[in-house]
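Undergrad: Below is a structure I'd like to ask you about.
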Amino acid sequence: MHTYQSEFQQSIQHPEAFWAEQARRIPWFKPPQTMLGYDEQDHARWYGDGELNICHVALDHHVESGRGDQPAIFWDSPVSGHRRQYSYRELRDQVATFAGALTGLGVEKGDRVVIYMPMVPEALIAMYACARLGAIHSVVFGGFAPHELAMRIEDAEPKVVVAASCGIEVDTVIPYKPIVDKAIAASDHKPSACVILQREQAQADLGDIDHDWQMLMENAMPADCVPVKGTDPLYILYTSGTTGKPKGVVRDHGGYAVALHYSMERIYGMAPGDVFFSASDVGWVVGHSYIVYAPLILGCTTVVYEGKPVRTPDAGAFWRLISEYGVKAFFTAPTAFRAVKKEDPDGKWLEKYDISCLETLFLAGERLDPPTFHWLDDLLDVPVIDHWWQTETGWAIAANLQGLEPMPVKPGSATVPVPGYDVQVINRQGEPAAAHEQGSIVIRQPMPPGCLAGIWRDPKRFHQAYMAAIPGCYLTGDGGYFDEEGYLFVMGRTDDVINVAGHRLSTGEMEEVLGSHAAVAECAVIGILDDLKGQVPLGLVIPKDGFDGDTHALENELIALVRAQIGPVASLKQVLVVSRLPKTRSGKILRKLLRTIADGKEFGMPSTIDDPTSLQEVHEHMVDREVGAAHQSKQV
Ligand code: COA
Ligand code: AMP
């Protein structure tokens, strides 16, 4: 019998043997002979000489081995009033046909395809169709504005863009086609074709390079899976870093397929035929891994939900879905349940549904704060499991492994490192931290299969962002500590990345947008505590000398500017004009100090920004007090 300790030790001491055994669990066209290699940057790459196709692993293989009639997707869309189901065979056929359509548009192995779609089954079909051809998809979250989409188009240089005519946010229809058109116009790179899925809520006008999804499908011949190397790229997923330019995280076919298969069994305790529901979005890593790929790799059914935890139509949405589709494991971000709790603190909606099918609730995307944990733990009869991961890793780094050895839950902890991840906490002296000593969390090489293969066409940035700080280790960007029992507590980012409603955002990028305004001399954006979203950004700006306009109007203009440039997802609803910002003697803005001031933990400040005037006053006061004190104690 496997125990956590035995499996973890084997994975760290004999990684190649460990991952060779796991690789045998998935179908290859040509099984790998060499498990582990290193690239020019000494970064681990898995299964380089194996050949497979993740679309074959997730679809064709299951159809061929008798799972063809099993549901692969349950799509449920209260916002459009539709629901639909696809069997494995139907999905495989649709994917093969769309792959044929893409071939007709000139897409070949290695080409990029940008996908800008809401939570519709066609988003999954488009992703799998790219994978089938060995093309590289890059899905962009629908809440991003044209400028963000343009940056991604420019970086990925797609041959084709696939989009829907609109998304639906609760009861607001958001036309996507104008966003796509603006993005393409703004980008130096021009795709040669654009495929539009027409939705009845907003039909898009089609231009010269545009093709109607339905018509393409009617005329396309199905395409077969193209064998690719284990290390060939499957997708690029852009994520926020510390600068304005997002990082294109590259993931490969082989390692990803093996890691996701392993995780479904060991972390999530799933078996083929079970129903898995991840309430995220295909635009985020959670969506890529646990809506699109992992459930189908294992032969499960995935629930694809186009709606919110609340208001679509009510706070019982999650319970209804779990009950109706017989969900065994449910995964979402804590913020989603904070939204439910706010509307239904006593769990009245839960009483309406039989959710006895649910065995485990998993949460990630941000730290599971103890109040939300306790609320869920009291409400439900199943384990409530926090687990920690990031876009770069693609699957959990630390978890409570339900399919291996479930452990007692400690609120606030993501439990233990997952087999394959040699997690270390490094203190300020650059040494391994003692129990309970906080430090920077790193992962020793080799990182397990499934983790990022690099940054798209930017090996230098990859090295500098992740590998340069501590030789032989990957820097996660998160800080935290181990307790004496080896439980890991992830406390937050050590850089300027913030986490808003489970969405990762760059304060540096927002600062670039604010700083681009003609009236702004200096600015800082910090994340401040928010009861619902965990954090929200707050902008602090100093106007240029001689600015004599209306400060309130300027603040509103800046809020609108960030929304227009980055998108509604930025959630920047508060900008304050201030006269000073705390700085070091060399002129660097003291963001950490600003965060402490705004969080108000030590200063008795309000933790929300309901009262901007008082926040502004306290801010000015604190800057005086803290900068003065810091200068005096020579800490600056
Ligand atoms: N397309 C267009 N706009 C979008 C969008 C999309 N796909 N997703 C979000 N937006 C918009 C929202 O409508 C909102 O606009 P507004 O400022 O006009 O109200 C804005 O972007 C901010 O969105 P969000 O931060 O998600 O706030 P919200 O109030 O709409 O919803 C939650 C809050 C907590 C319910 C929601 O964020 C949620 O369910 N999050 C957790 C799940 C998740 O996906 N996590 C990702 C990793 S697991
Ligand atoms: P993303 O890349 O968007 O998935 O965001 C990853 C970041 O979210 C991590 O680096 C953490 O800062 C945070 N995060 C995700 N899950 C957790 C968790 N369970 N506990 C603490 N932080 C988390």
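Undergrad: Of the residues that sit in region 312-332 and are out of contact with any helix residue (DSSP H, G or I) (no Cβ under 8 Å at 6 or more places or on another chain) and closer than 19 Å to Q402 by Cβ, which one is surrounded by the most Cβ atoms within 10 Å (Cβ to Cβ)?
TA: A329
Undergrad: Determine whether region 458-475 contains at least one residue that is assigned to a loop (DSSP other than H, G, I, E, B), farther than 22 Å from D386 by Cα and under 23 Å from the mean Cα position of the chain (by Cα).
TA: Yes, because at least one residue in region 458-475 is assigned to a loop (DSSP other than H, G, I, E, B), farther than 22 Å from D386 by Cα and under 23 Å from the mean Cα position of the chain (by Cα).
Undergrad: Hey, another quick one. Can you confirm whether I174 is away from ligand 1 (no atom under 13 Å from the Cβ), assigned to a strand (DSSP E or B) and free of Cβ contacts under 8 Å to residues at least 60 places away in the same chain?
TA: Considered against the rule, which asks whether it is away from ligand 1 (no atom under 13 Å from the Cβ), assigned to a strand (DSSP E or B) and free of Cβ contacts under 8 Å to residues at least 60 places away in the same chain, I174 comes out as no.
Undergrad: Moving on to the next point. With the condition kept exactly as written, say whether any residue in region 185-203 is part of a helix (DSSP H, G or I), open to solvent by less than 10 Å² (accessible area, probe 1.4 Å) and of a type outside the set (S, T, N, Q).
TA: Checked region 185-203: no residue is part of a helix (DSSP H, G or I), open to solvent by less than 10 Å² (accessible area, probe 1.4 Å) and of a type outside the set (S, T, N, Q).
Undergrad: Under 6 Å by Cβ, and 6 or more places apart or on different chains, what pairs join a residue from region 563-585 that is farther than 19 Å from D545 by Cβ and open to solvent by 10 Å² or more (accessible area, probe 1.4 Å) with one that is within 12 Å of ligand 1 (Cβ to nearest atom) and hydroxyl-bearing (S, T, Y)?
TA: Close Cβ pairs satisfying both conditions: none exist.
Undergrad: On to the next question. Here is a list of conditions, (1) assigned to a loop (DSSP other than H, G, I, E, B); (2) away from ligand 2 (no atom under 16 Å from the Cβ); (3) open to solvent by less than 20 Å² (accessible area, probe 1.4 Å); (4) of a type outside the set (S, T, N, Q), and D224 meets all of them except one; can you say which number that is?
TA: Among (1) assigned to a loop (DSSP other than H, G, I, E, B); (2) away from ligand 2 (no atom under 16 Å from the Cβ); (3) open to solvent by less than 20 Å² (accessible area, probe 1.4 Å); (4) of a type outside the set (S, T, N, Q), the lone unmet condition for D224 is (3).
Every residue, every condition in (1) under 24 Å from F141 (Cα atoms); (2) within 16 Å of ligand 2 (Cβ to nearest atom); (3) in contact with a Cys (Cβ under 8 Å, 6 or more places away or on another chain), yes or no:
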{"position": "S280", "(1), (2), (3)": "yes, yes, no"}
{"position": "V286", "(1), (2), (3)": "yes, yes, no"}
{"position": "C300", "(1), (2), (3)": "no, no, no"}
{"position": "F318", "(1), (2), (3)": "yes, no, no"}
{"position": "I322", "(1), (2), (3)": "no, no, yes"}
{"position": "Y325", "(1), (2), (3)": "no, no, no"}
{"position": "A339", "(1), (2), (3)": "yes, no, no"}
{"position": "S356", "(1), (2), (3)": "no, no, no"}
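Undergrad: Those residues that are under 19 Å from the mean Cα position of the chain (by Cα), of a type in the set (S, T, Y) and either away from ligand 1 (no atom under 13 Å from the Cβ) or farther than 30 Å from E64 by Cα (or both), I need them from region 293-322; list them, please.
TA: Y293, T302
Undergrad: Looking at region 330-340, can you tell me whether even one residue there is part of a loop (DSSP other than H, G, I, E, B) and over 23 Å from V304 (Cβ atoms)?
TA: Looking for residues that are part of a loop (DSSP other than H, G, I, E, B) and over 23 Å from V304 (Cβ atoms), one finds none in region 330-340, hence no.
Undergrad: Okay, next question. Is there any pair with a first residue in region 449-467 that is closer than 21 Å to S11 by Cα and at pLDDT 95 or above and a second that is open to solvent by 20 Å² or more (accessible area, probe 1.4 Å) and not in a strand (DSSP E or B) whose Cβ atoms are under 7 Å apart and which are 6 or more apart or on different chains, and what are they?
TA: A453/T231
Undergrad: Name the pairs: first residue in region 86-115 and among the acidic types (D, E), second residue open to solvent by 30 Å² or more (accessible area, probe 1.4 Å), Cβ to Cβ under 6 Å, at least 6 apart or on different chains?
TA: D111/K159
Undergrad: So, one more: Does R504 satisfy being within 25 Å of V249 (Cα to Cα) and assigned to a strand (DSSP E or B)?
TA: Answer is yes for this residue.
Undergrad: For the subset of region 459-507 comprising residues that are small (G, A, S) and surrounded by fewer than 19 Cβ atoms within 10 Å (Cβ to Cβ), which member is farthest from ligand 2 (Cβ to nearest atom)?
TA: G472
Undergrad: Can you name the number of the only condition in (1) crowded, with 22+ Cβ neighbours inside 10 Å; (2) farther than 27 Å from I498 by Cα; (3) touching a residue at least 60 places away in the same chain (Cβ under 8 Å) that G273 fails?
TA: (1)
Undergrad: Enumerate the pairs (first residue in region 359-375 and farther than 22 Å from G287 by Cβ and open to solvent by 30 Å² or more (accessible area, probe 1.4 Å); second residue anywhere and within 13 Å of ligand 1 (Cβ to nearest atom) and among the charged types (D, E, K, R)) with beta-carbon separation below 8 Å, excluding pairs fewer than 6 apart on the same chain, so at least 6 apart or on different chains.
TA: W375/K341
The values are calculated or read from the model by the stated rules, or taken from the named source; none is laboratory data. Keep in mind that what you see is a predicted model, and the values were worked out from it rather than measured. Cβ: placed from backbone, ideal geometry, glycine included. Neighbour counts: every protein chain shown. With ligands, DNA and RNA removed, areas are computed over all heavy atoms of the protein, side chains included. Shrake-Rupley method; radii C 1.70, N 1.55, O 1.52, S 1.80 Å.
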